[in-house]
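The values are calculated or read from the model by the stated rules, or taken from the named source; none is laboratory data. Not measured: the values here are computed from a predicted model. For neighbour counting, all protein chains shown are included, and Cβ atoms are generated from backbone atoms with ideal geometry for every residue, glycine included. Areas reflect the complete protein model, heavy atoms only, side chains present, ligands, DNA and RNA absent. Shrake-Rupley method; radii C 1.70, N 1.55, O 1.52, S 1.80 Å.
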Amino acid sequence: MAAMARAATTTDAFNAVAEPRRREILDLLAGGERSVTELVESLGLSQPLVSKHLRVLREVGLVRVRDEGRQRFYRLDGKPLRSIATWLAPFERAMSGRFDLMDDVIAELKAQEEDNDGDDDQLGEGHAPG
Amino acid sequence: MATTTNSAKVTLPADTQILITREFDAPRHLVWKAYTTPDLIARWWGGEHGKVTSVEVDLRVGGTWRYVLTANEGFEVAFHGEYREISEPERLVNTEIYEGAPEGVGVVTTTLTESDGRTTLTQLCEYGSREVRDAVIDSGMESGMQESMDALEQVAVSLR
């Protein structure tokens, strides 16, 4: 089926959240349920475009839809996003560990610069890690 | 001791990208210095995963860099690359190759923006494919890294 091959680019949550406008929609929905009209107003996009993004988000299970009268309401379903967060967590921890150590290095540089009255061309040696 | 505890934020702006953001309580020329000076890099680059044993930095366009880490588990991890753009103290573009999987070349654009004496560091890492990008996240310099190193060691042993 040709349609399946084409759809493959947006059939998972990873791809769906890669699009900045769709992330904006998810940010808005993180604040609570919104009607399509409200989303269109907040985003400043055309209704067909917003509907297109909502369709993609619905296909990957990131939003749920509910009809009430003539209005259609969307709300966030965080489950597919949580799986991204879980996947990213070890990488994020590794990066944090690195930058936490960089904080210490930078704090030292800052202290040296203050001692030197703004003259920063000397970098003290002998600061053993830990 | 650092007075701030900011965690790094990791997002995926596109299929082939990783975006890392971290704020520092210092003006950017100091962040730049910590980020590009070999004996300072040696103190933070390994994170909690081991001891940095070698840092080579030839900080000019076309110059190369290479960092080597001995992980807590005893194996060695090395990365290298080339500098493509340098504008101190705000922007650095370099390639990054994990020597355990050298076919996956990353391009890392590091940007430092300063506001009220604080600096936001962003690293946009772009890879040739989503598979490579995902492998970088999977490694996380944690379990995945250990497995790939074990696999590499087996290959190396078999070549002896």
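Brief remarks on what is shown
- Under the condition of being open to solvent by less than 10 Å² (accessible area, probe 1.4 Å) and among the polar types (S, T, N, Q), the residues counted in segment B:103-121 number 2.
- Total residues in segment B:122-134, condition among the basic types (Lys, Arg) and either at pLDDT 95 or above or open to solvent by 40 Å² or more (accessible area, probe 1.4 Å) (or both): 1
- Single residue of segment A:67-92 satisfying the filter (among the aromatic types (Phe, Trp, Tyr) and within 14 Å of chain B (Cβ to nearest Cβ)) that is surrounded by the fewest Cβ atoms within 10 Å (Cβ to Cβ): A:Trp87
- Boolean, A:Arg66 is modelled with pLDDT of 90 or more and over 20 Å from the mean Cα position of the chain (by Cα): yes
- Yes/no for B:Glu96 being under 15 Å from B:Tyr127 (Cα atoms), outside any loop (DSSP other than H, G, I, E, B) and open to solvent by 40 Å² or more (accessible area, probe 1.4 Å): yes
- Filtered residue count, segment A:10-44, keeping only those that are at pLDDT 90 or above and β-branched (Val, Ile, Thr): 4
- Residue list for segment A:38-60, restricted to those being in a helix (DSSP H, G or I), touching a residue at least 24 places away in the same chain (Cβ under 8 Å) and out of contact with any Lys or Arg (no Cβ under 9 Å at 6 or more places or on another chain): A:Leu39, A:Glu59
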